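See below for the structure under consideration.
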Amino acid sequence: MLMSPSSRRRRQGYAAAARPAAARLHEPRLAAHVEDLTVSYHDKPVLFDIDLNVPPGVMCAIVGPNGAGKSTLIKAILGLVKPTSGHITLHGLPYRQVRARVGYVPQRSTVDWDFPTTVHDVVTMGLYGQIGWFKRPGRREREKASEALKMVGMQDFARRQISQLSGGQQQRVFLARALVQEADVYFLDEPMAGVDATTERAIVKILGALRDAGKTVIVVHHDLQTVRSYFDWLVLLNVRVIAQGPVDDIYTADNLRATYGGQIALLEHGDFTRPAPAPGPGPAPGPGFDAQKEDAGPPQAAEAR
Amino acid sequence: MLAAFFDSIPAMIIATGALVGIAASLVGTFLVLRGSSLLSDAISHSIVLGIVVVWMLTGAQSGPVQLVGAALTGLLTVFLTELLAATGRVKNDAAIGLVFPVLFSIGVLLLNVYARDVHIDQHTVLLGEIGFVWLDTVSLGGYEVPQSLLSMGAMAALNLVFVTLLFKELKLATFDRALAAALGFMPGLLFYALLALTSATAVAAFDAVGAILFIAFVIVPPSAAYLITDRLWLMLLFASLIAVLSSFAGYGAAVLLDVSIGGMMATMTGLFLVLAFLFGPRYGLIAQGLRRRRAALAQAV
């Protein structure tokens, strides 16, 4: 089943461009560097020949249609799925060596929210890596978790059972769990999916603050309408990388059409030809926007805040 | 005092049942939370094959070799199940259903062909007979201690050490496998270790209580505890407590009604589940009904 990268390429009729050997080993100047990454599921490539370069200190969106492999890309970078081929470094080092400098927020739906534990306990889990095997979290860890909860505005919920949270609150807890890690690079899988407008703005604000502090924030994002107002770096993905770079250069009608292909009808209603809305008072309303919100209040109320 | 304890048949039966209950509930809590509680069913059947093969190779009917053999068979069951599920053609539950009958039936066939005269038979394997634990004793520090009590005590202690030492790791791996893997806690390995202990517990429990009471102890007390608490460590504690109480109550009821002791212990775990389901402080039927009524009243006002 597993083929060597070269035989796979030959089979697919693809010839890799020759690169200097040195470039394959280290890219210390890049927060995330992915080369020739291919991930297959039952012999069908989910990600094919991905080359990705994300500089440090940017807020980067990974955008693409359903099944484009966005989550898989993050999981491959974090070693959670086994690639068929490829070479990945974060700040010039393989993930195993920089674990402590990387924060990860999985999709909210991947965990069981009926699990018998509290909000505070879930946030403390972010510190388990630093605590190490066998040892228990102590007072220092508990205080750190409380601080992170305060940062996301969830300090009043610390003792709550996690099943009593709304979708937006769950997402804030997950974000707090990543914040306690005090990482340099953050990976977030759909953090804005199914959250209310207030939470979405709170999340964007916190992620922006991380970026301003020099951290790198890489986000799988589903909402084309808000890409330009939230992010400054963009990766368009559909099994292959269609385009990547500063969001103003990449967010073009041609690139989006190349990414979304047959789903172009949806794009015709989009507003990508208009100038980017000013960042701040929240996402621009557009088709598909309200449908994404699970427990949003009335739009006027959200705007008034 | 101790001699009187070890000489008392009821005490021995209840203590053995309680130890099986504790050992099973400790691993069962994580299996239930992970949604893999039926793996205990699969394991406790397929290790019949392990028991027979180990007996054919070494002649040992019980003891440490049998525990190791059982653990390996249990892991083989899970490994084959995951292999089948990984093809994407068979769903996980169907894969479990495909694997364990095969291993179990091979075990039964081997039993029939090679072990007609030996004291291992399907009936004992499935139902056990906790009423006879006192028959098979070993001498320990001057006391005659039932073999089953000893092996179950060892398994309960081993499982307790495992979940205490790796409490944080097991919690994270069960709640959020992806983060556990990203942080380097190897959730796959932890899960296999948990299942190896489940298998060893199952084979140790075989002599005493049989597969069915073992499965009941793995699944029912943790499920009942899940209904009455929001904290993982309390769930482990309550599950063990419910298992111990079921052991006491089961023995009493069995003597009173003159029925199978093991069967009555299993029934008692079910009774506790019903009680938790009805009277659980937050998730119980009555508490929920009251809450709904209060909410309706508040709205009316």
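The values are calculated or read from the model by the stated rules, or taken from the named source; none is laboratory data. Keep in mind that this is a model prediction, so the values were computed, not measured. A quick note on method: Cβ atoms are made from the backbone with ideal geometry, for glycine too, and the neighbour counts reach across all protein chains shown. The protein model used for the area step is the full one, side chains on, heavy atoms only, and it has no ligands, DNA or RNA in it. Shrake-Rupley method; radii C 1.70, N 1.55, O 1.52, S 1.80 Å.
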(request) Can you tell me which residue among A:TYR95, A:TYR128 is within 7 Å of chain B (Cβ to nearest Cβ) and either under 24 Å from A:LYS70 (Cβ atoms) or surrounded by 19 or more Cβ atoms within 10 Å (Cβ to Cβ) (or both)? (result) A:TYR128
(message) So A:SER40 passes all but one of these: (1) surrounded by 20 or more Cβ atoms within 10 Å (Cβ to Cβ); (2) of a type in the set (S, T, N, Q); (3) within 14 Å of chain B (Cβ to nearest Cβ). Which condition number does it fail?
(response) (1)
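Residue-by-condition table, conditions (1) open to solvent by 10 Å² or more (accessible area, probe 1.4 Å); (2) modelled with pLDDT of 95 or more; (3) not charged (D, E, K, R):
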| position | (1), (2), (3) |
| --- | --- |
| A:VAL220 | no, yes, yes |
| A:LEU224 | yes, no, yes |
| A:LEU237 | no, yes, yes |
| A:PRO246 | yes, yes, yes |
| A:TYR251 | yes, no, yes |
| A:ALA265 | yes, no, yes |
(message) It is to be established whether one or more residues within region B:23-35 are more than 19 Å from B:LEU190 (Cβ to Cβ) and either touching a residue at least 12 places away in the same chain (Cβ under 8 Å) or touching a helix residue (DSSP H, G or I) at 6+ places or on another chain (Cβ under 6 Å) (or both).
(response) no
(request) Considering each residue of region A:83-110, count those that are within 20 Å of B:LEU232 (Cα to Cα) and part of a strand (DSSP E or B), and give that number. (result) 0
(request) For region B:42-50, indicate whether the set of residues that are without any contact (Cβ under 8 Å) to a residue 40 or more places away in the chain and either open to solvent by less than 40 Å² (accessible area, probe 1.4 Å) or not acidic (Asp, Glu) (or both) is non-empty. (result) no
(message) Among the listed residues B:PRO187, B:PRO146, identify the single one that is away from every other protein chain (no Cβ under 14 Å) and not hydrophobic (A, V, I, L, M, F, W, C).
(response) B:PRO146
(request) State whether the residues of region A:134-153 include one that is away from chain B (no Cβ under 13 Å), more than 30 Å from B:THR229 (Cα to Cα), hydroxyl-bearing (Ser, Thr, Tyr) and out of contact with any Ser or Thr (no Cβ under 8 Å at 6 or more places or on another chain). (result) no
(request) Taking B:GLN61 as the residue in question, decide whether it is more than 14 Å from chain A (Cβ to nearest Cβ), assigned to a helix (DSSP H, G or I) and in contact (Cβ under 8 Å) with a residue 40 or more places away in the chain. (result) no
(request) Among the residues of region B:203-221, write down those that are at pLDDT below 90 and either of a type in the set (A, V, I, L, M, F, W, C) or on the phi < 0 side of the Ramachandran plot (or both). (result) B:VAL203, B:ALA204, B:ALA205, B:PHE206, B:ASP207, B:ALA208, B:VAL209, B:ALA211, B:ILE212, B:LEU213
(request) Considering only region B:99-116, state which residues are surrounded by 15 or more Cβ atoms within 10 Å (Cβ to Cβ) and free of Cβ contacts under 8 Å to residues at least 60 places away in the same chain. (result) B:VAL99, B:PHE100, B:LEU103, B:PHE104, B:ILE106
(message) Can you report the number of residues in region B:64-98 which are open to solvent by less than 80 Å² (accessible area, probe 1.4 Å), of a type in the set (S, T, N, Q) and in a helix (DSSP H, G or I)?
(response) 4
(request) Being open to solvent by 80 Å² or more (accessible area, probe 1.4 Å) and not charged (D, E, K, R) is the filter; apply it to region B:271-285 and report the residue that is modelled with the highest pLDDT. (result) B:LEU271
(request) Say whether the condition of being within 19 Å of A:ALA193 (Cα to Cα), within 22 Å of the chain's Cα centre (by Cα), open to solvent by less than 30 Å² (accessible area, probe 1.4 Å) and at pLDDT 90 or above is met by at least one residue in region A:274-288. (result) no
(message) Please go through (1) over 23 Å from A:LEU210 (Cα atoms); (2) more than 14 Å from the chain's Cα centre (by Cα); (3) open to solvent by 10 Å² or more (accessible area, probe 1.4 Å) for A:LEU47 and return the number of the only condition it doesn't satisfy.
(response) (3)
(request) Tell me, yes or no, whether region B:29-38 has at least one residue that is β-branched (Val, Ile, Thr) and open to solvent by 20 Å² or more (accessible area, probe 1.4 Å). (result) yes
(message) Can you confirm whether A:THR110 is more than 9 Å from chain B (Cβ to nearest Cβ) and either surrounded by fewer than 23 Cβ atoms within 10 Å (Cβ to Cβ) or touching a Phe, Trp or Tyr at 6+ places or on another chain (Cβ under 9 Å) (or both)?
(response) no
(message) The conditions are (1) more than 26 Å from B:GLY262 (Cβ to Cβ); (2) within 14 Å of chain A (Cβ to nearest Cβ), and B:LEU98 fails exactly one of them. Which is it?
(response) (2)
(message) Condition first: open to solvent by 10 Å² or more (accessible area, probe 1.4 Å), within 14 Å of chain B (Cβ to nearest Cβ) and of a type outside the set (S, T, N, Q). Now tell me which residues in region A:62-87 satisfy that.
(response) A:LYS75, A:GLY79, A:LEU80, A:VAL81, A:LYS82
(request) Out of A:GLN161, A:GLN170, report the one residue that is over 16 Å from the mean Cα position of the chain (by Cα), touching a residue at least 12 places away in the same chain (Cβ under 8 Å) and facing chain B (nearest Cβ under 10 Å). (result) A:GLN161
